[in-house]
Structure formats: C-alpha cells, structure tokens
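Chemist: Take a look at this one; I'll ask things after.
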Amino acid sequence: MPAVLKTILLLTMSNVFMTFAWYAHLKNLNDKPWFVAAFLSWGIALFEYLLQVPANRIGFTVLSLAQLKVLQEVITLLVFVPFAIYYMQQPLKLDFLWAALCLIGAVYFMFRS
C-alpha cells in the first residue's frame, strides 16, 4: 500500500478517536464533573495518538510537514461534519461548505509542484 494511502487511512481513524475525545463528552457526560470527562477523553485520545504518530511518521517519508498538516485539516473536517450532524444532531450549515472550499484552496497551494 502506498505511504500516502496508509497515512490517509491512519489519520482518518485517528481523527475519529480525536473527534470523540474532544466532543462526545458534551453529549454523553454533560451531567458528570469536568474531570470525569477529561479523564475519559484522555483515554480515548490515547488511541488517537497510537494511530496519529505512525501516520505522521509514514506520511513524512513522502510529504512535507506543511502537506501533512493540510491533509490532517481536510481529514478533520471530513470526519467532523458527519459527527456534528449525525452524532451531535447539529444542523447542516452552509459554513461547512465554505470551510471545505477554503481547505481545497489550502490543498492546492500545499500540493502544487
């Protein structure tokens, strides 16, 4: 499997854990003290890091640091939007489209030769 594809897959899985670690407690642990949410989020984030660190190491063999960062941001938005809409029951906003268009511009500038 090509390094870029491995990187994308690992970063996508990492982002799923990251998104749940950062935001799921707002829905599921709203009635618990903040430190309970923090410790549970920290535990979820461990799995994020177990995927993110190898993803970045693999990706850095074929991508620049700036390319890795922009790739990460694109994946974050691709994971966050469905999470926000379907899991957190947030309304779909046109702002998601505008943010995506800005990221497409960032991808263009980071990956052009």
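The values are calculated or read from the model by the stated rules, or taken from the named source; none is laboratory data. Every value quoted in this text rests on a predicted model; they were computed, and no experiment measured them. Every residue, glycine among them, receives a Cβ derived from its backbone with ideal geometry; neighbour counts consider all protein chains shown.
Chemist: If I filter the range 1-54 down to residues being charged (D, E, K, R) and without any contact (Cβ under 8 Å) to a residue 40 or more places away in the chain, which single residue comes out as nearest to Leu65 (Cα to Cα)?
Modeler: So, considering only residues that are charged (D, E, K, R) and without any contact (Cβ under 8 Å) to a residue 40 or more places away in the chain, the one nearest to Leu65 (Cα to Cα) is Glu48.
Chemist: So for the range 90-103 (the condition being surrounded by fewer than 16 Cβ atoms within 10 Å (Cβ to Cβ), modelled with pLDDT of 90 or more, of a type in the set (Phe, Trp, Tyr) and closer than 13 Å to Ala24 by Cβ), does at least one residue qualify?
Modeler: No, the range 90-103 contains no residue that is surrounded by fewer than 16 Cβ atoms within 10 Å (Cβ to Cβ), modelled with pLDDT of 90 or more, of a type in the set (Phe, Trp, Tyr) and closer than 13 Å to Ala24 by Cβ.
Chemist: List every residue pair whose Cβ atoms lie under 8 Å apart, where the two residues are 6 or more positions apart in sequence or sit on different chains, the first residue falls within the range 87-113 and is in contact (Cβ under 8 Å) with a residue 24 or more places away in the chain, and the second residue, located anywhere, is outside any helix (DSSP H, G or I).
Modeler: Once the first residue is in contact (Cβ under 8 Å) with a residue 24 or more places away in the chain and sits in the range 87-113, its partners that are outside any helix (DSSP H, G or I) give Met110/Ser64.
Chemist: Ok, one more. Scan the range 35-85 for residues that are assigned to a helix (DSSP H, G or I) and β-branched (Val, Ile, Thr) and jot them down.
Modeler: Scanning the range 35-85 gives Val36, Ile44, Val53, Ile58, Val70, Val74, Ile75, Thr76, Val79, Val81, Ile85.
Chemist: Please indicate, with yes or no, whether at least one residue in the range 72-85 is touching a residue at least 60 places away in the same chain (Cβ under 8 Å), touching a Ser or Thr at 6+ places or on another chain (Cβ under 9 Å) and either over 23 Å from Ala106 (Cα atoms) or among the basic types (Lys, Arg) (or both).
Modeler: No, there is no match, as no residue in the range 72-85 is touching a residue at least 60 places away in the same chain (Cβ under 8 Å), touching a Ser or Thr at 6+ places or on another chain (Cβ under 9 Å) and either over 23 Å from Ala106 (Cα atoms) or among the basic types (Lys, Arg) (or both).
Chemist: So, one more: Filter the range 41-73 down to the residues that are of a type in the set (A, V, I, L, M) and buried (at least 17 other Cβ atoms within 10 Å of the Cβ) and list them by number.
Modeler: The answer is Ile44, Ala45, Leu51, Ala55, Ile58, Leu63, Leu68, Val70, Leu71.
Chemist: Name the one entry in Lys27, Lys32, Lys6 that is of a type in the set (Lys, Arg) and either part of a loop (DSSP other than H, G, I, E, B) or buried (at least 18 other Cβ atoms within 10 Å of the Cβ) (or both).
Modeler: Criteria check complete, one pass: Lys32.
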